[in-house]
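Trainee: Got a structure for you, written out below as structure tokens; questions coming shortly.
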Amino acid sequence: MLSKNDIKNIKSLEQKKFRTEKGLFIAQGHKLVGELLGKFECILLAATSDWMQTRRSIPAARVETVTPDELKRASLQQAPQDVLAVFRIPQDSTTISAAASANLVLALDDVQDPGNLGTIVRIADWFGIKHIFCSKATADIYNPKAIQATMGAIARVSVHYTDLGRDINGLPRTTPVYGTFLEGDIIYDTQLTENGVIVMGNEGNGIGPVVAAAVNRKLYIPNWPQGAKTSESLNVAIATAVVCSEFRRRSR
């Protein structure tokens, strides 16, 4: 059973200030909770008896069997599934320099939409990218909407928040730093490496000038047919998928 205080604390995690203060985030639904259990420290899991019967063991500090009505009162969703869980936000000291020295990483410069951010984490997972470095103005990956959009990929991709302008400009000059620009070289005609940083920018303004100063390989995703009147730009998550796909195609 969940107390009124339990429900209040769970609902407070919809707001970033409380997630930061408590170091906790919420996940909801069969697939998402199933993916995160055992990967993140679970301090509370609440589920219906039907869901409980599907699990032999539950790696959580506290487990509560609840009615659908109780779950609905605690949930942040209009139509909650049979389980929600509260996890501890992990701490990770990996640096962009260390991660990009041998592998491909993503860097996000002020991506604002939680859905875009969650989708980019899912894309990174699909293409085997293990680290994403975000500017401090990028949306919070532990926002419930962002977490849901990852579809569990957050269990396999580490998301770091940093002073991106400082850190990316501090990389060794030999580190390939890619970014998408309208004046860039067509990605399909450009030599690509198996390590380095792929920078993706803000939905409306693209890559900001401080981070752009560190980009030493500018890429352009051409429309089709070239020169035709088309949409002004691609959604940042879609553009990330196109770029990551081309990198991985080259390494096959």
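The values are calculated or read from the model by the stated rules, or taken from the named source; none is laboratory data. These figures come from a predicted structure and were not determined experimentally. Because the Cβ atoms are built from the backbone with ideal geometry, glycine has one as well, and the counts that use them run over all protein chains shown. Accessible surface areas use protein heavy atoms only, side chains included; no ligands, DNA or RNA. Shrake-Rupley method; radii C 1.70, N 1.55, O 1.52, S 1.80 Å.
Trainee: Search the range 1-26 for residues that are among the aliphatic types (A, V, I, L, M) and pair each with any residue that is open to solvent by 60 Å² or more (accessible area, probe 1.4 Å) when their beta-carbon atoms are under 7 Å apart and the residues are at least 6 apart or on different chains.
Mentor: 7/73; 24/88
For every residue, the table says whether it meets (1) part of a loop (DSSP other than H, G, I, E, B); (2) more than 30 Å from residue 242 (Cβ to Cβ); (3) open to solvent by 50 Å² or more (accessible area, probe 1.4 Å).
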position: 5; (1), (2), (3): no, yes, yes
position: 9; (1), (2), (3): no, yes, yes
position: 33; (1), (2), (3): no, yes, no
position: 44; (1), (2), (3): no, yes, no
position: 64; (1), (2), (3): no, yes, no
position: 72; (1), (2), (3): no, yes, yes
position: 77; (1), (2), (3): yes, yes, yes
position: 81; (1), (2), (3): yes, yes, yes
position: 92; (1), (2), (3): yes, no, yes
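Trainee: Next question, about the same structure. What tally of residues in the range 209-236 results from selecting those that are touching a residue at least 40 places away in the same chain (Cβ under 8 Å), closer than 22 Å to residue 139 by Cβ and open to solvent by 20 Å² or more (accessible area, probe 1.4 Å)?
Mentor: The number of residues fulfilling the criteria is 2.
Trainee: Moving on to the next point. What's the total number of residues in the range 106-151 that are of a type in the set (Asp, Glu) and either in a helix (DSSP H, G or I) or within 15 Å of residue 238 (Cβ to Cβ) (or both)?
Mentor: The total comes to 2.
Trainee: Sticking with this one: Does at least one position in the range 153-165 carry a residue that is open to solvent by less than 40 Å² (accessible area, probe 1.4 Å), in a loop (DSSP other than H, G, I, E, B) and over 16 Å from residue 197 (Cα atoms)?
Mentor: Looking through the range 153-165, none of the residues is open to solvent by less than 40 Å² (accessible area, probe 1.4 Å), in a loop (DSSP other than H, G, I, E, B) and over 16 Å from residue 197 (Cα atoms).
Trainee: Restricting attention to the range 179-207, and to residues there that are surrounded by 13 or more Cβ atoms within 10 Å (Cβ to Cβ) and of a type in the set (Val, Ile, Thr), which single residue is farthest from residue 235 (Cα to Cα)?
Mentor: Checking each candidate, the answer is 193.
Trainee: Further, regarding this structure: Specify which of the listed residues (201, 152, 184) is within 30 Å of residue 12 (Cβ to Cβ) and not hydrophobic (A, V, I, L, M, F, W, C).
Mentor: After ruling out the rest, the residue left standing is 152.
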